[in-house]
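Student: There's a structure below that I have some questions on.
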Amino acid sequence: MILVTGATGNAGGALVRALADAGADVRALVRRDVDLPAELAHGDLNDPGSVAAALGGVRGVFLLAGYDRMADTLAEIRDAGVEHVVLLSAGAAEASELDNPVSRYHVESEALVRESGVPWTILRPRTFMSNTFQWADQLKTGNIVRAAFPDVAVATVDPADIGAVAAQAFLADGHAGQVYRLTGPEALRPADRVAILGRVLGRDLVFDGFTDEEARAEMEAAMPKPYVDAFFGFFAEGHLDEATVYPTVEKVTGRAPGTFAQWAAANAAAF
Ligand SMILES: NC(=O)c1ccc[n+]([C@@H]2O[C@H](COP(=O)([O-])OP(=O)(O)OC[C@H]3O[C@@H](n4cnc5c(N)ncnc54)[C@H](OP(=O)(O)O)[C@@H]3O)[C@@H](O)[C@H]2O)c1
């Protein structure tokens, strides 16, 4: 049995489907009733006791980074005899400046997992293709996409590939102790992604990049300022390279990573 946290999310949901498709027993740690191809266990990642209650018969845990009392949660996981933890970390764990809260919670989570005494695999995906859902509201009312950091190319990754890699880590040998940088097949700027999305949707989409001031105002409405500063450090000041393409998805899964066009086609209904 594999326990998947974040199972209603982009990456965890993809893992649940990949494990179910492979015929593996899956339990999803959820905060509400949902329709998933998995047994449900109600729990909260900020409450180690609720995670412990979901560990009966579990040999592997897919864990999100950055929750409260993670050392206690990992102690419960170890004491329950779990054989493998796969941590969903991020490229932010390898930024050049680590004194920001986004890098910090990933770096600290990685350290706790490494020190847990449970065999581990760490996944460091770059920006998810599914972040493109943030454009859906704009595209319901027009053909203009406005977004931050227009000059920054990112090798965005399909969450389905994150799920596929995590599933392999649980189902095949040889993945313990590995740190996997997960990217899609090519680095694209926002304007490139808008052009691809437009072709897929059959619409004449126009990209209009935010100035830094506009981006700040937009982001500060959605997240705390220290997080906004972190993303400016990553992308405006270049503290994080998410443009380099790595061969990891194909090496682990045996198939090429999904392209942004494929992701857009699979999710066209959302736009
Ligand atoms: N998005 C990116 O570009 C990106 C890039 C690199 C790394 N990451 C990492 O990947 C993580 C997940 O990203 P995602 O896009 O899959 O996020 P997401 O779709 O928003 O999913 C988050 C998941 O976490 C669950 N969750 C939130 N708080 C919880 C809690 N207290 N206890 C239990 N479950 C809780 C949510 O469940 P509910 O349905 O109950 O809310 C949901 O299933 C991020 O947090 C980040 O660390 C993301």
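The values are calculated or read from the model by the stated rules, or taken from the named source; none is laboratory data. As the structure is a prediction and not an experimental result, all values here were calculated from the model. With ideal geometry, Cβ positions are generated from the backbone for all residues, glycine too; neighbour counts draw on all protein chains shown. Just the protein is used for accessible areas: all its heavy atoms, side chains included, with ligands, DNA and RNA removed. Shrake-Rupley method; radii C 1.70, N 1.55, O 1.52, S 1.80 Å.
Student: Out of residues 5 or more away from TYR180 or on other chains, whose amide H comes under 5 Å of its own, with H placed 1.01 Å from N in the peptide plane?
Tutor: ILE122, LEU123, ARG124
Student: So which helices of the chain fit the span-like rule, where a helix is a whole DSSP H run, its Cα atoms reach 15 Å or more along the axis, and its mean Kyte-Doolittle is at least -0.5?
Tutor: 10-21, 101-114, 159-171, 190-201
Student: Let me ask something else. Which of rounded, prolate or oblate describes the chain when judged by the alpha-carbon gyration tensor and an a/c cut-off of 1.5?
Tutor: Values: a/c = 1.79, a/b = 1.51, b/c = 1.19.
Prolate shape, in that a/c is at least 1.5 and a/b is the bigger ratio.
Student: What's the local net charge at PRO159, with K and R +1, D and E -1, over the other residues with C-beta under 12 Å away?
Tutor: On the way: positive: ARG17, ARG126; negative: ASP158, ASP161.
Cβ neighbours under 12 Å give a net charge of 0.
Student: Let me ask something additional. Could you derive backbone 3J(HN,Hα) for the stretch 38-45 from the dihedral phi with the Karplus parameters 6.51, -1.76 and 1.60 (θ = phi - 60°), listing whole Hz in sequence and x where the residue is Gly or Pro?
Tutor: 7, 5, 9, 10, 7, x, 9, 5
Student: Further question on the same structure: If each residue of separation counts as 0.36 nm, what is the full-extension length gain between GLU39 and ALA266 once their alpha-carbon separation is subtracted?
Tutor: 79.1 nm
Student: Counting Lys +1, Arg +1, Asp -1, Glu -1, what net charge surrounds THR253 among other residues with beta carbon under 13 Å of its beta carbon? If you can, show how the numbers build up before the last one.
Tutor: On the way: positive: LYS251, ARG255; negative: ASP21, ASP158, ASP161, GLU250.
Local charge sum for THR253: -2.
Student: Quick one: accessible surface of LYS140, probe radius 1.4 Å, all protein chains present, in square angstrom to the nearest 10.
Tutor: 140 Å²
Student: To the nearest 500 deg cm²/dmol, what mean residue ellipticity at 222 nm is calculated for the chain from DSSP H runs of n ≥ 4 alone, each contributing -39,500 (n - 2.57), summed and divided by the residues?
Tutor: Using -39500 (n - 2.57) per qualifying helix, the result is -10500 deg cm²/dmol.
Student: For the stretch 87-111 and the stretch 220-271, what is the separation of their C-alpha centers, rounded to whole Å?
Tutor: 15 Å
Student: Same structure, new question: Hey, what does the equivalent ellipsoid look like for the stretch 137-213, semi-axes from the Cα gyration tensor as sqrt of 5 times each eigenvalue, largest first, whole Å?
Tutor: Working: eigenvalues 219, 45, 20 Å².
That gives 33, 15, 10 Å for the three semi-axes.
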